[in-house]
Amino acid sequence: LAQFYMLAGLGWSSARVEFDQDPAYHKVEHYSYFGGQLGAGVEFRLSRVVSLNADLIGFVRGRTDSRARENPEFTNGNKSTNTSGGGLVRGGITFYW
């Protein structure tokens with residue numbers, strides 16, 4: 001038996017970033033993010049209490065910390081942004097009781 005499902009959500013996250021390109025220059029910053037995700041998956045029921053699942057999720061997030069405006073996360077020439085995105089392919093097993 002297979003069951004399809006959709007995923008959606010909002011979330012906050014943080015990152016600790018270390019800059020150490022030059023041994024004389026070492027800096028640590030903390031970034032915070034807010035973003036959303038959307039995805040779909042399928043669950044395969046193996047028995048009444050065990051199932052396997054796989055899903056694909058896409059996400060978009062933007063930096064929200066106080067230094068985001070003056071120190072953008074991504075820079076390419078004279079373009080810069082604090083928005084990033086990506087995707088996840090996940091698989092797992094679920095035990096029901």
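The values are calculated or read from the model by the stated rules, or taken from the named source; none is laboratory data. Keep in mind that what you see is a predicted model, and the values were worked out from it rather than measured. Virtual Cβ from ideal backbone geometry, glycine too; neighbours counted across all protein chains shown. Accessible surface is based on the protein model in full, side chains and every heavy atom, while ligands, DNA and RNA are left aside. Shrake-Rupley method; radii C 1.70, N 1.55, O 1.52, S 1.80 Å.
In table form, for the structure just shown:
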| item | result |
| --- | --- |
| Single condition Tyr31 does not satisfy, out of (1) open to solvent by 70 Å² or more (accessible area, probe 1.4 Å); (2) assigned to a strand (DSSP E or B) | (1) |
| Which numbered condition Ala24 fails, given (1) of a type in the set (A, V, I, L, M); (2) surrounded by 12 or more Cβ atoms within 10 Å (Cβ to Cβ); (3) without any contact (Cβ under 8 Å) to a residue 12 or more places away in the chain | (2) |
| Verdict on Ser51 being polar (S, T, N, Q), over 21 Å from the mean Cα position of the chain (by Cα) and not in a strand (DSSP E or B) | no |
| Residue under evaluation Glu70, criteria (1) within 19 Å of the chain's Cα centre (by Cα); (2) more than 30 Å from Gly92 (Cβ to Cβ), criterion not met | (1) |
| Selected residue (criterion: nearest to the chain's Cα centre (by Cα)) from residues of segment 57-67 that are assigned to a loop (DSSP other than H, G, I, E, B) and surrounded by 11 or more Cβ atoms within 10 Å (Cβ to Cβ) | Thr64 |
| Residue count, segment 68-89 (criterion: part of a loop (DSSP other than H, G, I, E, B), closer than 21 Å to Gln37 by Cα and either open to solvent by 60 Å² or more (accessible area, probe 1.4 Å) or modelled with pLDDT under 90 (or both)) | 1 |
| One residue from Ala54, Ala40, Ala2, Ala15 being over 25 Å from Tyr96 (Cβ atoms), of a type in the set (Gly, Ala, Ser) and open to solvent by less than 80 Å² (accessible area, probe 1.4 Å) | Ala15 |
